Every structure is written in structure tokens, then in C-alpha cells.
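Reading through the C-alpha cells given below for one structure.
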Amino acid sequence: MKTRLFRFTQGLVPIAAFFAVWQLVAGHIPKGILPAPSRVLAAMWKAATVSNSITGILWKHLLVSLQHIGLGLLFAIVIGNIFGFLLGTYFRKAERVFLPFFKICEKLNPFAVIPIFMIFFGIGRFEKVSIVFWASVWPIITTTRETARSLDNKLIKAARTMAADRWELFSKVIFPFTLPNLFTGLKLAVSTAFFMIVAAELVGSKDGLGWYYMSQQHNYKLDLVYGTVLFITVLAILFRYAFGRLEKRFIVWKEAAFN
Amino acid sequence: MKSLKKFGAVSSGATLIILLIILWEAAPRLGWANPTFIPPFSTVLNTVFGAGGDTPPSIAISHIANSLRRVLIGFAICVILGVPIAFLLGGAFPKVTPWLRSLFQFLSQIPPYILYPVIILFMSQGETGIIFIITWTGFWPVLFTTLAGIADIDPKLIKCARGMNANRFVIFFKVVIPAVFPNIMRGIRLGLNVGFLILIGAETMGANSGVGWLIQNAQRMGNVNRIYLGALMAAIIGSLLNWVMEKIESRVVSWKPLPEEAII
């Protein structure tokens, strides 16, 4: 049994080494390509704390981006799960009709969809949210549908013999069974949402982290360009971690069964 | 009988798509939607196949070929790098792997789309940058799924092979590789998918050809037909790539049904 401290160092050492190498390399590279991480972190710290400087607007943009991501993910979770469950459980016939179309939509590149969404919804908040929604709904539909389908028939038969009605069948058998994998889809969706949010905000926006990133790039503030990349990465990791914790909280039985 | 069933499945799947295309064609013509913003399906196709269309087939094909070339080169590099590195880490140096895990996870979580401008700083804008970002993006799923596969090998299998006096090479080729193969194939398919995803993104940011460029250019010029054309192309290429990979996968890995879950 490894202690938590050991695991923590094990996680920390390679990342620290990565930054150390970066710091060393940055000193030997022509200026204007790779700023040292110390400068990047200092610039980000300043951007995050000094509120009246031009760069101090970071938090405002973060909030805007989080709104886009949150709303998009929320819609994706609700609609994706509804579709996934319906197609995976009660409407197997409909699945045959819908599946090829869904597969094509899933493979339809979100980057290719951005201009079309702009035409449909105009430029603005709704368009950004719908891009996040579009990108993150497919992994959720797929995982939910697949897991609901793989449900052991014996479980359903057993529940039926105990006179479970449709709602009980869903809430007491199908849903708990799929829950662990719902989180797989959810984590995937979170990654995709962060992947797409900047892309969505780069074009035709006036706020959000994507805009922030672009404006730093236009001003050639390299420290902040690298800083924003790091910032968004850390955010994505934090979100994934949070969902991982949530998963552990919800799904006690799976852990217990396998240890 | 079986083929009849298959035909039924395919046709019922195609029904919805055909209905939607008919709706797409009919809606602007019947005045349900503004034809400036949603041009009918035939108009979009006419830009390629019609006489005097602004994207004649030769040009369309050259863009598709450019995109395909980039994604396939990047994908080939990421397979050539990813699979051996995974075997080195998982098989040869299993002690090192936990020390690298956090760094890999950190690197894999960097959204590649915003990494691309940074990469352009190092490599000038052009083919190298695009291929590099495709390789970078596809590398992680290949690495992670292969590593997971190596970690999941049943130790009993290896013990059993040892008990039959197998040496290391035999164990590697006859036990380890067949056991990991489904995971390798899945990782490769995922890698190709994300590689294609980022390809379009990278092409919209800095390229002078390719499907992504076509879309970006059309958007700049306000050429609505071409935007739809580009999206159609992207959808078709993406589905085809995935379809081919799934076919190869189901042919090569016939003994194991694959779960659809993905690791990014």
C-alpha cells in the first residue's frame, strides 16, 4: 500500500521536471519563441490579481467561458442522456433508423459546424453554447446508448417477475446499471467542451477565454499566450478531477466490487 | 436471409438521411427557410458538379487529397511512435510509467487547438506544423489505450506461457501482442478520429489548402454554398475514415467485441 504522500510526489515530480527543463531550454532559445515558465507564471499571476491593469480582465473572460461551457454541457447532458436512454432501451427499432444519421453527425467535425451555426443562430452567446453542446453531446449519447443496450437481460426479467413497472424498471435497474458509464461519457464530454470552447470563441466574439487568448496573440504578449494555454489546461484537468471525485462518491458499489 | 436482413438495416438507416436531405432540398424552395442562409441541397452540390460551379471537381478533389494526406501522414507517425513507446513504458520499464503518468495526463489535456498557434512559432506555418499537431493529438489516445491494454493482461497467461518454457520473445509475440491487440486497434481508431478533428481546426487557422481552409475561406468570402459543401466533405471524410477503421478492426480483432468507450 503506497502512501498518499508517495503518490503525490510521484505525480508532482515529472511535472516539476517538465517545467525545470522548460526553464533551462528557454534560456538558450532566441527571444520571442519560448518565454521562461517563471515569466509566464508571473505574467499570469499579474493578470489574475491586478484588477485595474489591461490584463486584469482574465476573470471576467473566464466567467464568460464557464457560462458557455456550463450551459452547453448542461444541455448536452440532459438531451444526450434522454436520447441515449430512449434509443438504448425502449426504442431499439428507432435506433436502427437514427443510428447511421447520428454516426454521421458524430463524425461531422465541430470545426466545420461553427460557420453553419453562425449562419443559423447568428453570432453571440447562443451560438457559442450550441457549439459546445454539439461537440459534447455525441460522446454522451454514444456511451449512454451502448451501456443501456449492454444491460443484462436477466436483470430486466428478474425485475419484471417482481412486478416492476416501466418507471421502476428504469429508475431501479437500468439507471443504476448505466450510471458508472455515464460518467465515462461525461468526462469525455468535459474534455471535448474545453477543447471546443476556445475554438468557438476565437471567431466572432468579444469576450471569453478564446477572445482573451486571441487578443494576447495579436498583441504578441507571448507570456500571456503561453499562460492562457496553461490556464485552460489546468482548468480542464480540475474539471475532470472534480467529475472523477463525483463519480467515486456516486458509485461506491463498483469500487467495492473490484477491490 | 442474412444479406436480406442487412439490407433491411441499411435501408432503414438510410431512410432518415434521405428524408433529411429531401427536407433540406424542400425547405428553402418552399419558403420555409431563407435560401440565402440555407441553400437547397442541389445548389450546394451544383457548386461542384454543375456547369460553372465555383468549386469544380478537380479543385474539390485536390482539397480533399491535401487534407487526407496530412491526416494520414500525421496518423502514421503517431502510430509508429505511440505503439512502441507504449510497449517500452508498459512492458520494458513498468517502474518508470507511474512516474510519467501525471506529466502525460497534463500534456494530453492541453487543448490542441490553442497549442497550434504556439507550435507555429516553432515551425513556420505550413505542412510541418499541421502534421505535428495531428501527430500530437492522436498520440495520446494511442499511448493511453495501449498502456491500459498492457496493464490489463492477465498475469496468469504469462505465468502459463512461462510454465510451458516459453522464452521472452515467444511470450511477447504469442501472448502479449495478441492480448493487447484489441486495445491497439481501438487506440489507433481513436487517434485517427481526433487527428481528423484537429486537422480541420488547424487548417482553418493556418493553411492554404484542404477542407478546413475551404470552409474558412468560404466564411471569409461569405460564400454560403461553399460552407455547406465543406461541412459535407468533412462529414463524409470523417465517416469514411471511421468506417474503414471499424472494418479493419472488426476483421483483425474478430474474437473480442469492443466497447465503444473512449479515452482521451
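The values are calculated or read from the model by the stated rules, or taken from the named source; none is laboratory data. These figures come from a predicted structure and were not determined experimentally. All Cβ positions, glycine included, derive from the backbone under ideal geometry; neighbour counts span all protein chains shown. Note: accessible area is taken over every heavy atom of the protein model, side chains too, but ligands, DNA and RNA are not part of it. Shrake-Rupley method; radii C 1.70, N 1.55, O 1.52, S 1.80 Å.
Criterion applied to B:21, B:64, B:17, B:38 was being within 14 Å of chain A (Cβ to nearest Cβ), within 29 Å of the chain's Cα centre (by Cα), of a type in the set (A, V, I, L, M) and outside any helix (DSSP H, G or I), and the one residue passing it is B:38. Taking the criterion of being of a type in the set (Gly, Ala, Ser), open to solvent by 10 Å² or more (accessible area, probe 1.4 Å) and modelled with pLDDT under 85, would at least one residue in region B:210-223 satisfy it? Yes, there is a match, as at least one residue in region B:210-223 is of a type in the set (Gly, Ala, Ser), open to solvent by 10 Å² or more (accessible area, probe 1.4 Å) and modelled with pLDDT under 85.
For every residue, the table says whether it meets (1) within 25 Å of residue A:202 (Cβ to Cβ); (2) of a type in the set (A, V, I, L, M, F, W, C); (3) within 10 Å of chain A (Cβ to nearest Cβ).
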site	(1), (2), (3)
B:74	yes, no, no
B:77	no, yes, no
B:84	no, no, no
B:88	no, yes, no
B:94	no, no, no
B:100	no, yes, yes
B:121	yes, yes, yes
B:124	yes, no, no
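Residue-level analysis places residue B:170 among those that are open to solvent by 20 Å² or more (accessible area, probe 1.4 Å), β-branched (Val, Ile, Thr) and away from chain A (no Cβ under 13 Å).
Among the residues of this structure, residue A:154 does not count as one that is at the interface with chain B (Cβ under 8 Å from one of its Cβ atoms) and either more than 21 Å from residue B:241 (Cα to Cα) or open to solvent by 50 Å² or more (accessible area, probe 1.4 Å) (or both). Annotation for region A:52-63: at least one member residue is open to solvent by 60 Å² or more (accessible area, probe 1.4 Å), under 30 Å from residue A:185 (Cα atoms) and among the basic types (Lys, Arg). Selection of helices (runs of 4 or more DSSP H) fully inside region B:174-259 by the criterion of at least 2 residues being farther than 24 Å from residue B:140 by Cβ and touching a Pro at 6+ places or on another chain (Cβ under 8 Å) returns B:211-221, B:224-252. For region A:84-114, a residue qualifies if it is facing chain B (nearest Cβ under 7 Å), part of a helix (DSSP H, G or I) and without any contact (Cβ under 8 Å) to a residue 40 or more places away in the chain, and the qualifying residues are A:96, A:97, A:98, A:99, A:100, A:101, A:103, A:104, A:107, A:112, A:113.
Taking residue A:40 as the residue in question, decide whether it is in a helix (DSSP H, G or I) and either of a type in the set (Phe, Trp, Tyr) or more than 28 Å from the chain's Cα centre (by Cα) (or both). When the stated conditions are applied, residue A:40 does not pass them. On the stretch given as region B:158-167, residues that are under 14 Å from residue B:91 (Cβ atoms) and open to solvent by 90 Å² or more (accessible area, probe 1.4 Å) total 0. Out of the residues in region B:44-56 that are in contact with a helix residue (DSSP H, G or I) (Cβ under 6 Å, 6 or more places away or on another chain) and assigned to a helix (DSSP H, G or I), state the one that is surrounded by the most Cβ atoms within 10 Å (Cβ to Cβ). Ranking the candidates gives B:44 first. Check whether at least one residue in region A:229-246 is without any contact (Cβ under 8 Å) to a residue 60 or more places away in the chain, at the interface with chain B (Cβ under 9 Å from one of its Cβ atoms), small (Gly, Ala, Ser) and closer than 23 Å to residue B:205 by Cβ, and report yes or no. Checked region A:229-246: at least one residue is without any contact (Cβ under 8 Å) to a residue 60 or more places away in the chain, at the interface with chain B (Cβ under 9 Å from one of its Cβ atoms), small (Gly, Ala, Ser) and closer than 23 Å to residue B:205 by Cβ.
Can we say residue B:198 is of a type in the set (Val, Ile, Thr) and either open to solvent by 30 Å² or more (accessible area, probe 1.4 Å) or away from chain A (no Cβ under 14 Å) (or both)? Against the criterion (of a type in the set (Val, Ile, Thr) and either open to solvent by 30 Å² or more (accessible area, probe 1.4 Å) or away from chain A (no Cβ under 14 Å) (or both)), residue B:198 does not qualify.
Screening B:115, B:68, B:81 for residues that are of a type in the set (A, V, I, L, M) and closer than 24 Å to residue B:177 by Cβ leaves exactly one candidate, B:81. Just one of the listed residues (A:98, A:91) is of a type outside the set (Gly, Ala, Ser) and touching a helix residue (DSSP H, G or I) at 6+ places or on another chain (Cβ under 8 Å), namely A:98. Which of the helices (runs of 4 or more DSSP H) contained wholly in region A:161-259 include at least 3 residues that are touching a Cys at 6+ places or on another chain (Cβ under 8 Å) and open to solvent by 40 Å² or more (accessible area, probe 1.4 Å)? Ranges flagged: none.
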